[in-house]
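The values are calculated or read from the model by the stated rules, or taken from the named source; none is laboratory data. Remember, it's a predicted structure, so these values are computed and weren't measured experimentally. Cβ sites come from the backbone with ideal geometry, for glycine too, and all protein chains shown count toward neighbours. These area figures cover heavy atoms from the full protein model, side chains too; ligands, DNA and RNA do not enter into them. Shrake-Rupley method; radii C 1.70, N 1.55, O 1.52, S 1.80 Å.
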Amino acid sequence: MACIQIDQPILTANITKMQAIADNAGVALRPHAKTHKSVAVARQQMDAGAVGLTVSKPAEALPFMRAGIPSIKICYPVIDPDAMHPVLTLAQQHQTEIIGTIDSPEGVTALVQAAQDFDLTLPVFLEVNVGLDRCGVAADSPALLDLAAAITATPHLHLLGLTAHAGHAYGVDNRDAAARIAEQERSTMMAAKQRLADQGIAITAISVGSTPSIWAQQDFTGITEIKPGNYVFNDLTQLNIGVIDWAQIALTISATIISVNDRYMIINAGSKTLTSDLGPHGNQSITGHGLAFTADETPGQDPGRAVTKLSEEHGWIAHDGGTLPVGTALTIYPNHSCPVVNLTDHLTIHDDSGQVDIWPVDARGTR
């Protein structure tokens, strides 16, 4: 059967490298756990110097709180106070700092209600849209001032600062373009901070980052926190953008050729393993659903074979007459590692001594 493999030395090197970027810039690193969903990986990040974790929904925080992670930011606009109840209940039991995110009046109402229910003051970030056009308010909009005023007006919320996600950096095809997006994000956040300061609302925390924008970031002035996630594993998207090299891809998929016909070699890894995701946020530089290599081929030197298409349990590799035998083992580098992890319950970890371990994907399926 196909399985998800993690190269432990590469994983460790990626964690160390990103922590060094944060330390050298004088900013806190609060990695996004949605990539790995793994307590074991989170502990490595914390041991390296991370201040806490970022998660993508309230329930995703639960396994990390149980594991003792001291501070967790829910970087997602919660609009239902009931969604926060299990989180805040467990946070009181484990003395975990929980930080919310707001981008609407409904979000203010929901988090005020949740905080009132637990008789506490909840720290929150106000999300700014820096170009992805997903969540967040525009830096020059009335909503920025109105929401900041609403947050500061209630004793149940404490405005820590501004947060943003330059996810559109995933859609570029070179490092310079990613660096430009990173600088646009930084300058937009500085402008938003100044607008609030002009209204007497002091902002001290500025949290930014996607993995490609942080890998390419040149100026961290004014930033206090970064929150990349994909960097622990990386993938072909980061490679094609030009912010990493092959030696930084820690996650691969082991698969086997199970059938061959006149057009395709068929492998035992389909959309339930590789994901049909062609790459996040519109990256047009990627074709297929990953690149496959045999054991005697070297990524970066040999071209690999594109996984042409997928069904649920099968992958197609067009062979143009250059077939490999049924039973050939392949290593596949995915386009996007985050959804691949979300499709499995366990990660197979390989260390540099040849030892193999199995780690659960602890936060998978949380709701």
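A few remarks follow.
- Screening the candidates E106, E60 for the property of being under 22 Å from A164 (Cα atoms) and either open to solvent by 30 Å² or more (accessible area, probe 1.4 Å) or over 20 Å from the mean Cα position of the chain (by Cα) (or both) yields one hit, E106.
- Criterion (open to solvent by less than 10 Å² (accessible area, probe 1.4 Å), closer than 25 Å to P325 by Cβ and at pLDDT 95 or above) met by exactly one of A250, A269: A269
- Positions within the stretch 149-176 being over 19 Å from the mean Cα position of the chain (by Cα) and free of Cβ contacts under 8 Å to residues at least 60 places away in the same chain, in sequence order: A149, A150, I151, T152, A153, T154, P155, H156, L157, H158, L159, D176
- Each residue in the stretch 201-220 was checked for being open to solvent by 50 Å² or more (accessible area, probe 1.4 Å) and over 17 Å from F125 (Cα atoms), and 2 of them qualify.
- Meets criteria (open to solvent by 40 Å² or more (accessible area, probe 1.4 Å), of a type in the set (K, R) and within 17 Å of the chain's Cα centre (by Cα)) for R134: yes
- Any hit, the stretch 319-329, residues being free of Cβ contacts under 8 Å to residues at least 60 places away in the same chain, open to solvent by 40 Å² or more (accessible area, probe 1.4 Å) and either closer than 14 Å to N268 by Cβ or of a type in the set (D, E, K, R) (or both): yes
- In the stretch 1-56, the residues that are of a type in the set (G, A, S), under 22 Å from H336 (Cα atoms) and open to solvent by 20 Å² or more (accessible area, probe 1.4 Å): A2, A13, A40, S56
Yes or no, residue by residue, for (1) of a type in the set (S, T, Y); (2) out of contact with any Gly (no Cβ under 8 Å at 6 or more places or on another chain):
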{"position": "E185", "(1), (2)": "no, no"}
{"position": "K193", "(1), (2)": "no, no"}
{"position": "Q199", "(1), (2)": "no, yes"}
{"position": "A205", "(1), (2)": "no, no"}
{"position": "T221", "(1), (2)": "yes, yes"}
{"position": "I241", "(1), (2)": "no, yes"}
